[in-house]
1. Taking region 181-194, which residues are aliphatic (A, V, I, L, M) and in a loop (DSSP other than H, G, I, E, B)?
2. Is one or more of the residues making up region 111-125 in contact (Cβ under 8 Å) with a residue 12 or more places away in the chain and in contact with a helix residue (DSSP H, G or I) (Cβ under 8 Å, 6 or more places away or on another chain)?
3. Quick one: is residue 157 surrounded by fewer than 19 Cβ atoms within 10 Å (Cβ to Cβ), on the phi > 0 side of the Ramachandran plot and of a type outside the set (Ser, Thr, Tyr)?
4. Which of the residues spanning region 95-110 are surrounded by 13 or more Cβ atoms within 10 Å (Cβ to Cβ) and not in a strand (DSSP E or B)?
5. When residues of region 124-148 are filtered for being within 18 Å of residue 55 (Cβ to Cβ) and in contact with an Asp or Glu (Cβ under 6 Å, 6 or more places away or on another chain), how many remain?
6. Could you say which residue among 166, 178, 197 is assigned to a loop (DSSP other than H, G, I, E, B) and either modelled with pLDDT of 85 or more or in contact with a helix residue (DSSP H, G or I) (Cβ under 8 Å, 6 or more places away or on another chain) (or both)?
7. Considering each of 60, 14 in turn, give the residue that is under 27 Å from residue 142 (Cβ atoms) and polar (S, T, N, Q).
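The values are calculated or read from the model by the stated rules, or taken from the named source; none is laboratory data. No experiment lies behind these values; they were computed from the predicted model shown. So basically every Cβ, Gly included, is an ideal-geometry build from the backbone, and we count neighbours across all protein chains shown.
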Amino acid sequence: MQKQSWLRLVLAISLDGRLAPAIGGPAQLGGVGDRRALEEALAWADGALLGAGTLRAHRSTCLIHDQDLLNQRKFAGHSAQPKAVVVSRQQWYSADAPFFQQPIERWLLSPHLQSAEGSKDPVLAVGYERQVLFEQDWPQTLHRLVELGLSRLVLLGGAQLAASLLKADVVDELQLTLTPKLLGGMHAWVPFQGGGLPEDLGDAEAWHLQTVEPLSGNELLLRYERKRTEDSRADRSV
């Protein structure tokens with residue numbers, strides 16, 4: 001049976017669609033219910049994508065802590081945590097960053113693989129267990145990740161990476177926690193710079209509502225699935 005990637009964007013946002021306060025910095029928007037929803041998404045996933053800018057800002061990634069979810073992954077024969085796939089044009093490593101001590105397998109997804117002087121063989125980036133070459137575009141790169149065993153992916157941020165994947169129309173699911181805050185400012189979860197999104201993403205039938213779940217703290221969890229034709233799904237199979 002052919003496999004295809006499934007990419008779920010997971011975010012907590014304000015009522016006005018912001019990720020952070022107007023002055024910038026970590027927002028810490030989600031509450032207890034959002035944290036559980038995030039960990040459930042991680043428990044489902046083979047890998048978690050995050051941009052290098054987000055990693056530099058937070059210096060760590062999200063982990064599964066709830067024991068029932070850890071047991072669920074163990075029973076299914078999976079590692080305790082999904083692979084952490086850092087998307088970056090260049091390697092980032094900081095010995096004192098908690099990310100490089102977290103109990104996870106770290107992958108670097110980059111358009112450049114470093115080689116030792118005088119050698120054509122790639123050199124493994126410091127702090128990472130595997131390097132993956134970014135292919136010509138996102139569909140081909142996701143094909144490659146599927147071949148490496150990462151078919152179910154969650155996207156944890158940042159905004160530029162999310163915009164890149166949305167622009168390529170490879171996001172299959174939106175998991176959005178609406179938090180009862182108005183933040184203002186420019187830190188929207190889909191940044192405006194860098195060109196527009198595909199026109200059909202704005203169609204009324206582009207996204208189908210799957211679930212609506214009230215959470216604690218007056219938060220609301222929404223899940224939307226991208227509606228695709230059979231031909232478009234076939235194009236993404238490997």
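1. Passing the criteria: 182, 183, 186, 190.
2. Within region 111-125, not a single residue is in contact (Cβ under 8 Å) with a residue 12 or more places away in the chain and in contact with a helix residue (DSSP H, G or I) (Cβ under 8 Å, 6 or more places away or on another chain).
3. Here the answer is no, as residue 157 does not meet what is asked.
4. 97, 99, 100, 102, 104, 105 - these are the residues of region 95-110 that are surrounded by 13 or more Cβ atoms within 10 Å (Cβ to Cβ) and not in a strand (DSSP E or B).
5. 1
6. 197
7. On inspection, the qualifying residue turns out to be 60.
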